[in-house]
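**Student:** Once you've had a glance at the structure underneath, I'll fire off some questions.
The values are calculated or read from the model by the stated rules, or taken from the named source; none is laboratory data. A quick note: this is a predicted structure, and the numbers were derived from the prediction, not measured. Cβ placement follows ideal geometry from the backbone for every residue including glycine, while neighbour counts extend to all protein chains displayed.
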Amino acid sequence: MPRRQQGFTLIELILVIVMLGILSAFALARFADLGKDARIASVEGATASIRSAAAMGHAAWLTRGGSANDIEYEDTFVLMQGGYPQAHIKIAGAVGIAGAAGLDAGSYQIDPRPYTNVNTSTVTVRPLRVAANANCYVRYTQANLTGSVPPTITSQTGGC
């Protein structure tokens, strides 16, 4: 009896390679856009951190009698205005909302940068390597002096 060879024919191998190529093209298109998802998640995470820090700062301010100009967060002094963390700080050794929220320049673009001699009531936080004019940010506008107008926190992810 003659022995039959077993294995794949050349046509079967080519078909398998073509099918794998088609499947990988679909998978690559899906995974190629993960950068956008990561930037959106980064903005959403920063937004949640800022909201939490503002709420915790306000609660700590209230428990201290509602008159402190700064409160202590884990060995860090957070400057307050109207009972909420300030947006931007110019004093070394203290932090504004970005520092209270644990956001740093190693992970985010913070504008204006802390400790710069800029007088502003807002701070904008963007993921790294996002253009300054892109709609991919979270912005904190501090409360007014009396606290009758609380801070506003807005985020945009349309341009991420």
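**Student:** Regarding residue 138, is this residue of a type in the set (Val, Ile, Thr), touching a helix residue (DSSP H, G or I) at 6+ places or on another chain (Cβ under 6 Å) and surrounded by 14 or more Cβ atoms within 10 Å (Cβ to Cβ)?
**Tutor:** So residue 138 fits the description; yes.
**Student:** Could you say whether any residue in the range 73-84 is in a loop (DSSP other than H, G, I, E, B) and either touching a strand residue (DSSP E or B) at 6+ places or on another chain (Cβ under 9 Å) or buried (at least 23 other Cβ atoms within 10 Å of the Cβ) (or both)? Spell out the reasoning first.
**Tutor:** Taking the range 73-84 first, the residues in a loop (DSSP other than H, G, I, E, B) are 74-75, 82-83.
Still in the running and either touching a strand residue (DSSP E or B) at 6+ places or on another chain (Cβ under 9 Å) or buried (at least 23 other Cβ atoms within 10 Å of the Cβ) (or both): none.
Scanning the range 73-84, I find no residue that is in a loop (DSSP other than H, G, I, E, B) and either touching a strand residue (DSSP E or B) at 6+ places or on another chain (Cβ under 9 Å) or buried (at least 23 other Cβ atoms within 10 Å of the Cβ) (or both), so the answer is no.
**Student:** Moving to a separate point now. Checking the conditions here, which among 152, 141 is under 23 Å from residue 56 (Cα atoms), touching a residue at least 40 places away in the same chain (Cβ under 8 Å) and polar (S, T, N, Q)?
**Tutor:** After ruling out the rest, the residue left standing is 141.
**Student:** Evaluate the following for residue 27: is it modelled with pLDDT of 90 or more and either within 18 Å of residue 141 (Cβ to Cβ) or over 21 Å from the mean Cα position of the chain (by Cα) (or both)? Give the derivation first.
**Tutor:** Details: modelled with pLDDT of 90 or more: no; either within 18 Å of residue 141 (Cβ to Cβ) or over 21 Å from the mean Cα position of the chain (by Cα) (or both): yes.
When the stated conditions are applied, residue 27 does not pass them.
**Student:** Inside the range 97-106, can you point out the residues that are touching a residue at least 24 places away in the same chain (Cβ under 8 Å) and either surrounded by fewer than 19 Cβ atoms within 10 Å (Cβ to Cβ) or in a loop (DSSP other than H, G, I, E, B) (or both)?
**Tutor:** Result: 101, 102, 103.
**Student:** Another question, if that's okay. Restricting attention to the range 26-48, does a residue exist that is of a type in the set (Asp, Glu), assigned to a helix (DSSP H, G or I) and out of contact with any strand residue (DSSP E or B) (no Cβ under 9 Å at 6 or more places or on another chain)?
**Tutor:** Yes, because at least one residue in the range 26-48 is of a type in the set (Asp, Glu), assigned to a helix (DSSP H, G or I) and out of contact with any strand residue (DSSP E or B) (no Cβ under 9 Å at 6 or more places or on another chain).
**Student:** What's the number of the only condition in (1) assigned to a loop (DSSP other than H, G, I, E, B); (2) buried (at least 18 other Cβ atoms within 10 Å of the Cβ) that residue 118 fails to meet?
**Tutor:** (2) is the only condition that residue 118 fails.
**Student:** Criterion first (of a type in the set (S, T, N, Q) and without any contact (Cβ under 8 Å) to a residue 40 or more places away in the chain) does residue 52 satisfy it?
**Tutor:** Spelling it out, it is not the case that residue 52 is of a type in the set (S, T, N, Q) and without any contact (Cβ under 8 Å) to a residue 40 or more places away in the chain.
**Student:** Listed residues 65, 35, 21, 45; which is over 20 Å from residue 107 (Cα atoms), at pLDDT 80 or above and of a type outside the set (Lys, Arg)?
**Tutor:** 65
Yes or no, residue by residue, for (1) at pLDDT below 85; (2) in contact with a Phe, Trp or Tyr (Cβ under 8 Å, 6 or more places away or on another chain); (3) basic (Lys, Arg); (4) buried (at least 18 other Cβ atoms within 10 Å of the Cβ):
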| position | (1), (2), (3), (4) |
| --- | --- |
| 1 | yes, no, no, no |
| 41 | no, no, no, no |
| 59 | no, no, no, no |
| 86 | no, no, no, yes |
| 95 | no, yes, no, yes |
